[in-house]
């Protein structure tokens, strides 16, 4: 089972920052999970929200900032003063730093509001050696279909909304054409669904585990990966 650090080790460091990703790698996570957005000048940056308000000292939409302007924002002190002056990283920076040492799960946010983000992400990934340990995920089916068209060998994961969890044979067959994995909310998990999804050739990931009790429950299931804010909940025995 892959341990996937949600926005890095985000229970202990500011989410989607180098500090959080470094900590996840140190703790033994198999993957870091991160979110991407486009800037005004079409750079791909790593931040969850479509605004900078919650996780920086700035305000306004990410897409209203140039990269140079975003790089001047403090993305760490909101979490703790020891992280003052932590910066918003670019996807390029993340791949340069981590692609040879840890898996990277990249979530495309709001693709309908960010025309061209799929191609921009693939263009950056193409600068690095393809790896089974770089994956793209999204709630948006069409975004993943575009990723598959641009980069057929790139692994993809479809995030399943809990209120849409009626996975018929027809849906699973369709999903398997463009998704290597289904990422399900922790409340949706049961053994039958996991086994059933596996028969369609797709892996099963679970999101997002935030407490030890849930972690202990998840460990009993044959899932392929678990997304967690706290990787030590799942540290493998050496």
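How big is the stretch 191-238 by the Kirkwood estimate over distinct Cα pairs, in Å?
Kirkwood hydrodynamic radius for the stretch 191-238: 11.4 Å.
How do 96, 27 rank when sorted from fewest to most other Cβ atoms within 10 Å of their own Cβ?
Starting with the residue having the fewest Cβ neighbours, the order is 96, 27.
What's the ranking of 224-232, 110-118 by average number of surrounding C-beta atoms within 10 Å, highest first? If you can, show how the numbers build up before the last one.
Working: 224-232: 22.8, 110-118: 16.2.
Ranked from most to least packed, the peptides come out as 224-232, 110-118.
Post the alpha-carbon centroid distance, the stretch 128-204 to the stretch 21-40, in whole angstrom.
Here the answer is 20 Å between Cα centres.
Can you give me the angle between helix 141-150 and the longest principal axis of the chain, using Cα atoms only, in degrees from 0 to 90, rounded to the nearest 10?
80
Kindly provide the Kirkwood hydrodynamic radius of the stretch 17-149 in Å, to one decimal, from all pairs of distinct alpha carbon atoms. Spell out each step's value before the answer.
Details: mean 1/r = 0.0659 Å⁻¹.
Across the stretch 17-149, the inverse of the average 1/r is 15.2 Å.
Report the relative contact order of the stretch 1-134, percent, no decimals, based on alpha-carbon pairs under 8 angstrom and at least 6 residues apart.
24
Which percentage, to the nearest 5, of the DSSP beta bridges contained in the chain is antiparallel?
15
If you fit an axis through the alpha-carbon atoms of helix 18-27 and take the longest principal axis of the Cα set of the chain, what angle between them do you get, 0 to 90°, nearest 10?
With both axes taken from Cα atoms, the answer is about 40 degrees.
Could you bin all the Cα-Cα distances of the stretch 2-234 into 5 Å bins starting at 0 and give me the percent of pairs in each, rounded to whole numbers?
Percent of Cα pairs in each bin: 1, 7, 15, 18, 20, 17, 13, 6, 3, 1, 0.
Hey, what did the chain get for relative contact order, percent, Cα under 8 Å, at least 6 apart? Don't skip to the end; give the middle numbers.
Numbers: 478 pairs, mean separation 47.7, N = 238.
About 20 percent, as a whole number.
Sort 33-40, 147-154, 45-52 for me by packing, meaning the mean count of neighbouring Cβ atoms within 10 Å per residue, highest on top.
33-40, 45-52, 147-154
Nearest 5 percent is fine: what portion of the DSSP beta bridges confined to the stretch 1-140 is antiparallel? Spell out each step's value before the answer.
Working: 5 of 18 bridges.
Antiparallel bridges make up about 30 percent of those DSSP assigns within the stretch 1-140.
When the chain is treated as a GNM, springs tying every alpha-carbon pair under 10 Å, which of 213, 161, 186 comes out with the largest mean-square fluctuation?
Highest fluctuation among the options: 213.
Rounded to a whole number, what is D in µm²/s for the stretch 134-187 from Stokes-Einstein with the Kirkwood radius over alpha-carbon pairs (37 °C, 0.692 mPa s)?
Once the numbers are plugged in, D ends up at 289 µm²/s.
Values quoted throughout were computed directly from the atomic coordinates according to the rules given, and no laboratory measurement underlies them. Keep in mind that this is a model prediction, so the values were computed, not measured. Positions of Cβ are backbone-derived with ideal geometry, glycine not excepted, and every protein chain shown enters the neighbour counts.
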